[in-house]
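Peer 1: Pasting a structure here, questions to come.
The values are calculated or read from the model by the stated rules, or taken from the named source; none is laboratory data. As the structure is a computational prediction, the values presented were derived from the model and not from experiment. A quick note on method: Cβ atoms are made from the backbone with ideal geometry, for glycine too, and the neighbour counts reach across all protein chains shown.
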Amino acid sequence: MLRLLHTSDWHLGHTLHDLSRKREHAAFLAWLLDRLDEHEVDALLIAGDVFETANPPSHAMKAWYAFLAAAHGRRPDLDVVVIAGNHDSAARLDAAHPLLEGLGIQVVGGVPRTEAGALAPEKLLVPLHDASGEVAAWCVAVPFLRPTDLPPRVQPGLLDAGDPLVAGVRALYDDVFEAARARRQPGQALVGMGHCYMVGGSLSELSERRILGGNQHALPASIFPSDCAYAALGHLHRAQRVGGREEIRYSGSPLPLAIDEDRYRHQVVLAELEGEAMARWEAIAVPRSVEVLRVPGPAGAPWETVAAELAKLPSADQAGQPEDWPYLEVRVCLDGPHPSLRRDVEDALEGKAARLVKLAALRGGAGGTLADDAPDQALTDLQPVDVLERLWARTHGSEPSDVIRGCFDQLVDELGQQGA
Ligand SMILES: [Mn+2]
C-alpha cells in the first residue's frame, strides 16, 4: 500500500486585484501538514505552479521552505516530488535541489539533459517508498515543457494530427516511462506527473495562462500509458479527471485564484496504490479561510437591487480583521448612464465587512450608446492576450490567427521567465 497526496497550483505570492493571499496560503499549508499526518501519507506530489511568478516575493519563498521543513520534520520518511509549472522559474526551483534532495524532497524544475544535449530520462524518475521503506512506485516527474525542451528528432505528421509539439511531448513521456519500466520490479507501480493542458480540460478564463499544451496544443490522455497507475496533473485550477480515466486527474488549486473560481470545489487528492494499480482515491476538501462574494451573482442586477443586497452585508465592527473579510465582486446591470456608480458602491460598503475587488458594469437595455459611461476597466482585469486582441482588432479589424496567438503566448511566457 502506497498513499499519495496530490496537490498543485498553489501560486504562493498571488494577489487578487492587489490584495495579498498570504494568510490564506498560510492557513492552507498548516491544514495540509495536518492531512499528511492524518492520512499517513507516504508521498506528496506537487504538480507545478508552486509560485505565482518566476521571481516570487520573499514571504512566498519563506512559506515554501517553511512548509518543506515542517513536512520533513513531521514525517521524516515522506517522499516529496515537486515539478515546475508554467508560472515557476524552472532554474530557481532547481537551485534548491542539492539541499532538498537530502531531505527526501525531489525538485524537478527544468528538463535534465546530458552535455551532448540528449534527454536524461533517469533524472526525471523518482522512487516512492511505502511505510516499510521499500520502493513501491516509480514517479515519472515531468515538469512544464517549453518547445525548446522537446526532442528535435520528432517528425511532424506521424502522430497527433500533425502537431509536432504534441508529438514531441508524447515522445518525451514515452522515453521516461520506458526508463521507469526498465527500473521497476514486479509489484512496483508507475506514477506520472505533468503540468500541462489536456484535451477536454475545463479552463478558467481568468487565471490560467495559455501554454504549450494550451488551447492550440491540448495533450491527449494517451500520453499516460495504460500501465500508469496514477497521473498527478497541474495547471487547470478546477479539479477534474481527464479522458474519462479515473486515475488521471487535476487536483485543482487549493484556493480560488480568480473571482470566477469561487464555485470550484477546492481540494487535494488522496490516492492509494496496491501493487501496480490504484486501489482507491478520494478528494479532501480544502477549507476556505476567506470567502468570495459575488453580489448579486454572475448575471448582475439593476443598481437598486444591488444596493439593497449590499445593505445586508455584515457590519465591519463585528467581523474580525479586515484581512479575513470576504472578497467582493459587485455586478450592476445598467440601462443608462450612471457616472457615480463606483462612488455609490463605495458609499454602500462604508462600514461593511467586505473588500471590493471588482466592480462590473454590465450594459443592457435599449442598446443606445453608453460610451460616455463606459466602466473604467483596469489593466489588471485584462489578460495579456486580451490586450493583443484589442490592439489587433483596432489595427487590422480582425482577430489574430492561432499562429499569432501561439507566438504571443510563448513570448509572454518567455518574458515571465526572464524575471528569474
Ligand atoms: Mn496554475
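Peer 1: Could you tell me which numbered condition Ala283 fails, if it satisfies all but one of (1) loosely packed, with under 15 Cβ neighbours inside 10 Å; (2) at pLDDT 95 or above?
Peer 2: (1)
Peer 1: On to the next question. Name the single residue, out of those in the range 56-75 being more than 16 Å from the ligand (Cβ to nearest atom) and part of a loop (DSSP other than H, G, I, E, B), that is nearest to Ala141 (Cα to Cα).
Peer 2: By that ranking, first place goes to Arg75.
Peer 1: Can you tell me which residue among Ala70, Ala63, Ala91 is under 27 Å from Trp325 (Cβ atoms) and more than 16 Å from the chain's Cα centre (by Cα)?
Peer 2: Unique residue meeting the criteria: Ala63.
Peer 1: Of the residues that sit in the range 1-38 and are within 16 Å of the ligand (Cβ to nearest atom) and assigned to a loop (DSSP other than H, G, I, E, B), which one is farthest from the chain's Cα centre (by Cα)?
Peer 2: Ranking the qualifying residues of the range 1-38, first place goes to Arg21.
Peer 1: Looking at the range 315-329, which of its residues are free of Cβ contacts under 8 Å to residues at least 40 places away in the same chain and not polar (S, T, N, Q)?
Peer 2: Passing the criteria: Ala316, Asp317, Ala319, Gly320, Pro322, Trp325, Pro326, Leu328.
Peer 1: Test of understanding: among His25, His14, which residue is under 30 Å from Leu293 (Cα atoms), touching a strand residue (DSSP E or B) at 6+ places or on another chain (Cβ under 6 Å) and not acidic (Asp, Glu)?
Peer 2: Criteria check complete, one pass: His25.
Peer 1: Now for a different question. Being closer than 24 Å to Val126 by Cβ, surrounded by fewer than 17 Cβ atoms within 10 Å (Cβ to Cβ) and either among the hydroxyl-bearing types (Ser, Thr, Tyr) or out of contact with any Leu (no Cβ under 7 Å at 6 or more places or on another chain) (or both): is that true of Arg245 here?
Peer 2: yes
Peer 1: Has the range 85-102 got any residue that is assigned to a strand (DSSP E or B), in the same structural domain as Ala141 (by TED's automatic domain parsing) and away from the ligand (no atom under 16 Å from the Cβ)?
Peer 2: The answer is no; no qualifying residue exists.
Peer 1: Select, from Val82, Val111, Val126, the only residue that is more than 16 Å from the ligand (Cβ to nearest atom), outside any helix (DSSP H, G or I), within 25 Å of Tyr250 (Cα to Cα) and modelled with pLDDT of 95 or more. If you could, list the steps in order and put the result at the bottom.
Peer 2: Values: Val82 fails: more than 16 Å from the ligand (Cβ to nearest atom); Val111 fails: modelled with pLDDT of 95 or more.
Sole residue among the options that is more than 16 Å from the ligand (Cβ to nearest atom), outside any helix (DSSP H, G or I), within 25 Å of Tyr250 (Cα to Cα) and modelled with pLDDT of 95 or more: Val126.
Peer 1: With respect to Arg342, is the statement that it is at pLDDT 85 or above, among the basic types (Lys, Arg) and closer than 24 Å to Pro302 by Cα true?
Peer 2: Yes; evaluated as a whole, the condition is true for this residue.
Peer 1: While we're here: Tell me, yes or no, whether the range 186-207 has at least one residue that is exposed (fewer than 15 other Cβ atoms within 10 Å of the Cβ) and at pLDDT 95 or above.
Peer 2: Yes, that holds for at least one residue.
Peer 1: Would you say Glu261 is away from the ligand (no atom under 16 Å from the Cβ) and among the acidic types (Asp, Glu)?
Peer 2: No, not satisfied.
Peer 1: Would you point out which residue out of Arg263, Arg288 is without any contact (Cβ under 8 Å) to a residue 12 or more places away in the chain, within 19 Å of the chain's Cα centre (by Cα) and either not in a strand (DSSP E or B) or not assigned by TED's automatic domain parsing to the domain that holds Asp9 (or both)?
Peer 2: Arg263
Peer 1: Right, another one. Does the range 153-170 contain any residue that is modelled with pLDDT under 90, of a type in the set (Val, Ile, Thr) and surrounded by fewer than 16 Cβ atoms within 10 Å (Cβ to Cβ)?
Peer 2: no
Peer 1: Further question on the same structure: Might you let me know whether the range 232-241 holds any residue that is away from the ligand (no atom under 15 Å from the Cβ), part of a loop (DSSP other than H, G, I, E, B) and touching a strand residue (DSSP E or B) at 6+ places or on another chain (Cβ under 8 Å)?
Peer 2: no
Peer 1: Using beta carbons and a limit of 9 Å, which pairs, at least six apart or on different chains, have the first residue in the range 170-183 and outside the structural domain of His195 (by TED's automatic domain parsing) and the second one at pLDDT 95 or above and surrounded by 19 or more Cβ atoms within 10 Å (Cβ to Cβ)?
Peer 2: none
Peer 1: While we're looking at this one, here's another question. Scan the range 291-302 and tell me whether some residue there is away from the ligand (no atom under 16 Å from the Cβ), touching a helix residue (DSSP H, G or I) at 6+ places or on another chain (Cβ under 6 Å) and assigned to a helix (DSSP H, G or I).
Peer 2: no
Peer 1: Which residue pairs have Cβ atoms under 6 Å apart, sit 6 or more places apart or on different chains, and have a first residue in the range 74-101 that is in contact (Cβ under 8 Å) with a residue 60 or more places away in the chain and under 18 Å from His195 (Cβ atoms) and a second that is within 16 Å of the ligand (Cβ to nearest atom) and aromatic (Phe, Trp, Tyr)?
Peer 2: Correct list of pairs: Ala84/Phe144; Gly85/Phe144; Asn86/Phe144.
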